[in-house]
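Reviewing the structure listed below.
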Amino acid sequence: MHTTPSHLLTLSNRFQSALKPLIIGLLGLSSLSLLSGCSQLPKSFGDTNQSQPATTPSSNDLKASIFVAPIKPNDTRILGLDSKEEIHQRAITEPEQLAEQSITPIVYHDVWDEIASNLTLGDEHLDDFSDYVTYYQKKPNYLKRVSERAQPFLHYIFSEVKKRDMPYEMALLPIIESGFQVTAKSHQNALGLWQFIPQTGHLYGLERNWWYEGRQDVVQSTEAALTYLKKLYDLNNDDWLLALASYNGGIGNVWKAAKKFKKKNPTVETPSFWQIRPYLPKETQHYVPQLLAVAHTLENRAEFNQVLEPVSNTAFFEVIQLEKQIALDKVALLSGTPNQILAQLNPGYLRPATPPNGPHTIVLPVEHATVFQQQLAADDSVFDIQWTKHKIRSGDTLGEIAQKYKTSASAIKKLNNMRNSTIRVGKTLLIPLPQQYAKTFNMETKTKPVYKGSKFEHTVQSGESLWTIAHYYNTDTKTLCQWNNIGVRTPLRKGQKLEIRSNQYGKQKSYTLKKGESLWTVAQKFDVSTTELSRWNNIKRSQTLQPGMKLTIWQPKSVKLSSKKDNRQNDMSALLESKNFKQYTVKSGDSLWDIAVANKVSTKVIAAYNAIPEKATLKPGQVLKIPYVQNT
């Protein structure tokens with residue numbers, strides 16, 4: 001008679017009626033497995049491009065094809081049997097007795113045990129990844145170390161996988177991606193447990209800024225990864241192995257591989273991963289078998305003498321939402337959580353505090369979460385900001401910075417985890433502020449002038465970048481990013497709106513070039529520069545233009561051409577009468593035109609102001625006066 005293992009807790013029999021149809025389904029599945037073979041691909045790591053003929057199913061294949069599906073995602077389950085092999089054997093020898101057997105759902109104390117109870121993705125292709133299984137057998141300490149790192153996170157990830165009714169193998173994916181190292185970074189700039197690259201992370205809502213890196217946030221990145229995998233599953237005809245291949249190599253490469261396979265095998269409508277594997281990138285050819293090998297090793301770890309660190313099948317942490325900025329050392333103090341554990345659970349925060357603008361989430365061990373929430377309810381003064389930011393400028397020293405903010409150099413070093421007093425120009429420091437000065441300094445740093453000038457809204461088009469947009473609008477990427485409060489590495493989305501702070505782009509005109517006209521004459525006519533015309537129309541300033549060519553010209557919204565001409569005359573008179581000027585030393589290759597464009601005046605003004613012919617040849621070292629009107 002079967003005896004329930006001691007590490008399992010027996011529940012009531014109320015699920016018996018629900019599981020009987022499952023047993024009948026298993027009987028049918030067993031019969032089918034006896035009639036079907038599987039198309040095998042080579043086992044070798046180095047040679048995946050040769051094919052082998054179909055073979056008769058091995059006993060391993062037959063055992064592997066029996067699986068137990070969940071009743072529903074949140075149920076603890078399986079049959080009251082020792083293994084899938086036992087279910088299979090009894091399905092053949094005692095089908096009626098098995099169908100009538102009393103079924104007792106069980107609870108797993110160890111998350112690894114529950115995951116191992118229902119791993120099915122590789123069952124029919126064990127021979128195709130047996131070399132990878134051998135690899136993990138030879139390195140048992142690797143999975144032991146990974147299981148130790150997985151302890152705080154595995155229960156949460158597995159719970160999210162079950163919630164979405166996804167294969168249990170998905171909970172093992174961080175083993176392949178990052179070895180369960182939350183700050184792992186690849187040479188391709190992929191980061192975190194799930195190894196998101198910046199662009200994909202941005203598409204799935206993982207924010208990145210000076211304060212925070214969403215790809216390292218365990219909760220947010222897990223949500224993004226499982227959403228992404230589900231989308232890839234939908235895009236790959238509900239095939240999880242192809243979804244996994246797409247996660248690693250990109251769905252474009254998977255579709256290309258499928259196209260190449262179908263070209264040689266036109267009768268196959270929806271090829272499997274194993275069929276298109278030889279056409280995939282090398283890394284992706286190995287990626288899916290590696291995951292299946294880890295799953296197989298977990299499932300058979302007793303047989304392989306593989307020891308894993310147990311992971312309690314209860315929540316390790318709780319996620320708490322906060323509306324305001326808070327210092328992480330205050331969180332540790334109020335909750336009684338050791339700083340090391342707090343940092344381990346909240347690796348997304350790059351600074352000693354959460355970002356200024358909420359809401360935020362803090363992850364705390366379950367046993368500390370309630371205490372923290374009680375402390376917050378009793379005294380919300382913990383949200384009072386006691387620091388400010390300082391961007392290091394040339395000539396700054398740590399001592400001078402400390403003196404400016406009425407604090408100490410040692411306090412600054414402690415807050416910023418600095419080992420010594422070395423600082424670098426351009427870096428930003430968090431400055432701890434004494435209580436009596438905190439409000440003053442933070443008011444200074446928070447008060448920013450509101451821009452009230454002319455604005456234009458640019459809609460991002462396909463293929464555009466920050467550089468091309470900045471170039472088009474005669475500015476630089478840094479300024480463009482400041483206007484829109486984004487980082488210089490922030491990926492753009494098609495249709496995204498960007499603010500352009502200029503009055504130049506109020507109205508777009510189309511002008512047809514007439515015979516005898518040049519870029520210069522058109523620029524003069526519309527009071528713009530040839531540089532602007534060439535940039536707006538993606539042409540070179542030296543390019544020969546043909547009559548009939550259409551030119552795009554931007555004009556301020558409410559300014560008429562006639563009034564602009566009048567204004568130009570007035571401006572010229574004012575400049576010639578001005579007593580204010582700056583000096584410019586002519587460099588080799590300079591022309592009067594170049595100098596005029598750079599200083600936004602006409603060649604006539606410079607020539608007249610310096611009493612030289614407009615077509616005069618300039619000499620390097622010659623000093624010119626550039627007049628300007630002093631604004632009052």
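Over 18 Å apart at the Cα level, from the set Lys525/Lys604; Lys185/Lys324; Lys162/Lys230, are Lys185/Lys324. An ellipsoid equivalent to the range 149-284, defined through the eigenvalues of its Cα gyration tensor, has semi-axes of 28, 16, 13 Å when rounded to whole angstrom and sorted largest first. Figure legend: label point modelled 7 angstrom from the Cα of Gln137 along Cα→Cβ; residues of the range 303-332 with amide N under 14 Å from it are 303-306. The relative contact order of the range 163-289, computed from alpha carbon pairs under 8 Å that lie at least 6 residues apart in sequence, is 14 percent. With a/c under 1.5 counting as rounded, go ahead and sort the range 582-628 into rounded, prolate or oblate using the C-alpha gyration tensor (a ≥ b ≥ c being the square roots of the eigenvalues; past the cut-off, prolate if a/b is larger than b/c, else oblate). Rounded, since a/c falls under 1.5.
Of the three principal axes defined by the Cα atoms of the range 240-393, the extents in descending order read 70, 49, 31 Å.
Here, the range 264-354 yields an orientationally averaged convex hull projection of 11.9 nm² when only Cα atoms define the hull. The distance separating the Cα centre of the range 357-399 from that of the range 230-264 comes to 44 Å. Here the simple spin-label model places points 7 Å from the Cα toward Cβ, and for Thr314 and Lys144 these points are separated by 2.7 nm. If the segment from Ala574 to Ala343 were pulled out straight at 0.36 nm per residue, it would be longer than the present Cα-Cα gap by 76.8 nm.
Take the Cβ atoms of Trp255 and Lys455, set R0 to 60 Å, and the FRET efficiency comes out at 0.90. Would you mind getting me the FRET efficiency between Lys619 and Arg393? Use the beta-carbon distance for r and R0 = 41 Å, nearest 0.05. E between Lys619 and Arg393, to the nearest 0.05, is 0.60. Within the range 148-187, the percentage of alpha carbon pairs spaced more than 12 angstrom apart rounds to 59%. Applying the criteria of a DSSP loop state and at most 14 other Cβ atoms within 10 Å to the trypsin sites (Lys or Arg not before Pro) of the range 589-632 yields Lys600, Lys615.
Can you pick out the pairs among Lys515/Lys540; Lys330/Lys404; Lys494/Lys550; Lys260/Lys494; Lys455/Lys497 whose Cα atoms lie more than 22 Å from each other? Table pairs above 22 Å Cα-Cα are Lys330/Lys404; Lys494/Lys550; Lys260/Lys494. Fully extending the segment from Thr183 to Lys587 would add 140.3 nm, taking 0.36 nm per residue of separation and subtracting the current Cα-Cα distance. Normalised by 2.2 N^0.38 Å, where N is the number of residues, the alpha-carbon radius of gyration of the range 478-550 equals 1.42.
Read the figures in this text as sums done on the coordinates, not as results from a lab. Note that the structure is a prediction, hence the values are computed from the model and not measured. Methodologically, a virtual Cβ is constructed for each residue, glycine included, from the backbone with ideal geometry; neighbour enumeration extends over all protein chains shown.
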